Structures are given as C-alpha cells and as structure tokens.
Amino acid sequence: MEQPVACMSGNPAAAGMTLLARTVVLCHGDFDWPGIAIARRIFDRGARPWRFVRTDYVDAVDRLPADRRLGPGVRAQTAPCDEGLSAAMTAADVAVHEELTVDVLLSDLR
C-alpha cells in the first residue's frame, strides 16, 4: 500500500495543523536547533519520529562530507523524542539538513 507524504516546509501552517489533528504523522526534520524546535511543536500534536533520533543523527553526520558541515545554530534545544539526540548534536556541533538525508528517507518509502 502506498503511503502519503506531506512536506510542512518548516513550521506547519493551517493545512499542516489540520493534518496533524486528523491523522497519525511520522516526522523527520533538519538536525539543527531550529529544526528541533519545529519538531517539538509537531510532536506536541501527536507526531512520532521518523529517522529522527540520536542514531539517525550520528549516521547522517558520519555520511556528511567534511565540506558540507555547518554548525547547528546558536541556541541549543532539548530534542522532544530522544534525550540523546541533543547531547549528540551538541558534541558533534554539526547540522544535517533534511535534503542531505533524502536518500535514506526515500529508501523507507520503497
């Protein structure tokens, strides 16, 4: 069975909030501090993580070329779905944006 995919493009607007209120959503986002803040708002509405825990972050950092590494931002956040995620992000000090993990996400949809 095919599963629908929705892109919230950051903070969910009215359509995204309606979707969150009507169905169970799996959420993946950017592994940076703004991404963690957005994920918290989505998880607070009942979403569950999709490849958005510490081990997923560590794997993504390991696959990230050195010339694509940026810091995760200046304001650390507590990850809503995995206590170890924030600690790993602080230790590595590397952001991993969602488009850099799209191959892994797409493999889940096959």
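Checking the conditions here, which among Arg51, Arg40 is in contact (Cβ under 8 Å) with a residue 24 or more places away in the chain, assigned to a helix (DSSP H, G or I) and of a type in the set (Lys, Arg)?
Exactly one of Arg51, Arg40 is in contact (Cβ under 8 Å) with a residue 24 or more places away in the chain, assigned to a helix (DSSP H, G or I) and of a type in the set (Lys, Arg), namely Arg40.
Out of all the residues in region 84-105, which are over 18 Å from Ser9 (Cβ atoms), hydrophobic (A, V, I, L, M, F, W, C) and part of a helix (DSSP H, G or I)?
Matches in region 84-105: Leu85, Ala87, Ala88, Met89, Ala91, Ala92, Val104.
Could you say whether any residue in region 67-74 is in contact (Cβ under 8 Å) with a residue 12 or more places away in the chain, over 20 Å from Gly10 (Cβ atoms), touching a helix residue (DSSP H, G or I) at 6+ places or on another chain (Cβ under 9 Å) and loosely packed, with under 13 Cβ neighbours inside 10 Å?
Among the residues of region 67-74, at least one is in contact (Cβ under 8 Å) with a residue 12 or more places away in the chain, over 20 Å from Gly10 (Cβ atoms), touching a helix residue (DSSP H, G or I) at 6+ places or on another chain (Cβ under 9 Å) and loosely packed, with under 13 Cβ neighbours inside 10 Å, which makes the answer yes.
It is to be established whether one or more residues within region 85-107 are surrounded by fewer than 18 Cβ atoms within 10 Å (Cβ to Cβ), touching a helix residue (DSSP H, G or I) at 6+ places or on another chain (Cβ under 7 Å), within 29 Å of Thr18 (Cα to Cα) and charged (D, E, K, R).
no
Values quoted throughout were computed directly from the atomic coordinates according to the rules given, and no laboratory measurement underlies them. Since the model is a prediction, treat every value here as computed from it, not as a measurement. Methodologically, a virtual Cβ is constructed for each residue, glycine included, from the backbone with ideal geometry; neighbour enumeration extends over all protein chains shown.
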